[in-house]
Amino acid sequence: MWSMAIEKQRSEASRPAATQRDGIAATRHFVRGSKSRRASRRVPLAACTLEALRDAVAKAGFPAYRAAQVMEWFYGKHVYRFDRMKNISAPVAAYLDEHFVAFSSRLVTAQDAGDGAVKMEIALRDAFVVEAVLIKVPRRSTLCVSTQVGCPLACAFCATGQSGFERNLKAYEMVEQALHAAALMPRRRISNVVFMGMGEPCLNLDAVLEAVSVTNAAYAFRVGARRITISTLGDPHCIEKIARFPLEVGLAISLHSADEKLRRQLVPGAPASLDKTIEAAWRYFRETGREVTYEYVLLAGVNDSFADAAALAGLLRGKRAFVNLIPYNEVEGLAFKRPTPGKTAGFCKRLITLGVKAHVRTSLGGGAHASCGQLRLSKSAGSAS
Ligand code: SF4
């Protein structure tokens, strides 16, 4: 149970400094220590690339190679206090502590859904709480990252969409979601990252791509580019930018209907018509050679008929597409229902019969309201720093 892990790490935080370890308690301790005005001026370490840290350290008169050592402790060994980085001398640690802070955010809860998914609630500097989900299955640990505080696109079936929009997340706030997740599982590493949590990544693309670079960087999380996916409603300009991005990340497009009118009802903030989005996705495939995944949330009695499957197949046939079918995860207060397993399997089979690759995504996290579309925006009682 994660609650037990949190308690264990809390008790570790009360040990003498030299024996403290990584995890929630350590990150909490560090953020608590950052409450002074001086602390709020310090730069979150996740906002620094290795090169930037090297420059800063060298400018301060210390050997530039210290920066790589710090990053190794920080990302590789889950040590978040400069004075506990064993090969970092006291003057360097003091300089770093003066100018940098390990976390701008604070892990508030890590709720275990009991099926491998853990929902994390993370309080930001301005007290908004965003959610990220870690999904652990044998040989894979996938992190679902939020990109905005809330979401302005208000999809009819999505809890995030119903909770409004506050602001875009900074790149370092996305990286910190991965740092909090990594601290929860010191013996495993994050193998896959999907930018599929709260928010529409294309409305915050520059920051998302910056976070992608850190996720992939050798000094940080070392997640292979092809194991990183950006999920979007499909703005053609955004798709073009992702295609030109030097890292070969995956693209997922949320469709939810092949009927323009129904899609507009389900996804009122869709940035382009279906035709324009599919055309842009096809160009993306031709330019990059990377197959596009299409996300389709199955809503009982709304978009789950054989006619809906035939329309979807008609839209995607010949487009090197892969369809991820997501049986709806019900949200309190919304009328949409999850289709039966039989209906879901029938829809999938129909698509395959019509020549479109498809599968039904195993939905984890329901026990903690951590499944797709169930994440909500909230505000914590106090600010994070
Ligand atoms: S489904 Fe995605 S794009 Fe739509 S409201 Fe929810 S978070 Fe925003």
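Read-outs throughout are calculated quantities, based only on the coordinates presented, and are distinct from any laboratory measurement. Remember, it's a predicted structure, so these values are computed and weren't measured experimentally. Positions of Cβ are backbone-derived with ideal geometry, glycine not excepted, and every protein chain shown enters the neighbour counts.
In terms of the mean number of neighbouring beta-carbon atoms within 10 Å, the peptides 94-107, 310-323 order highest first as 94-107, 310-323. Between amide H atoms placed 1.01 Å from N, distances below 5 Å from VAL108 occur with GLU121, ILE122, ALA123, all of them 5 or more places distant or on a separate chain.
Using every Cα-Cα pair within the range 99-228, state what percent have a distance larger than 26 Å. Summing the P(r) of the range 99-228 above 26 Å gives 16 percent of all pairs.
The amide H of LEU298, built 1.01 Å from its N in the peptide plane, has ILE326, TYR328 as neighbours under 5 Å, considering only residues 5 or more places off or on other chains.
Taking only the C-alpha atoms of the range 106-379, the Rg (one decimal) and the largest Cα-Cα distance, Dmax (whole number), read 17.5, 51 Å. For SER141, nonlocal amide neighbours, meaning residues 5 or more places apart or on other chains whose placed amide H falls under 5 Å from its own, are SER191, ASN192. Size of the range 163-240 from its Cα atoms: along the principal axes, largest to smallest, the extents are 38, 28, 16 Å.
Taking θ as phi - 60° and the Karplus parameters 6.51, -1.76 and 1.60, the scalar couplings of the range 106-115 work out to 9, 6, 8, 9, 10, 9, 7, 7, x, 10 Hz in sequence order, x denoting glycine and proline. A simple rule links phi to the HN-Hα coupling: the Karplus curve 6.51 cos²θ - 1.76 cosθ + 1.60 with θ = phi - 60°, which for the range 196-205 gives 9, x, 5, x, 9, x, 5, 7, 8, 5 Hz, with x for Gly and Pro. Rg of the Cα atoms in the range 129-181, relative to 2.2 N^0.38 Å, amounts to 1.26. Each residue of the range 289-300 was assigned a 3J(HN,Hα) from its phi angle through the Karplus expression (A = 6.51, B = -1.76, C = 1.60, θ = phi - 60°), giving x, 9, 5, 8, 9, 10, 8, 9, 7, 8, 10, 4 Hz with x at Gly and Pro. Size descriptors for the range 53-105 (Cα atoms only): Rg and Dmax, in that order, 10.1, 30 Å.
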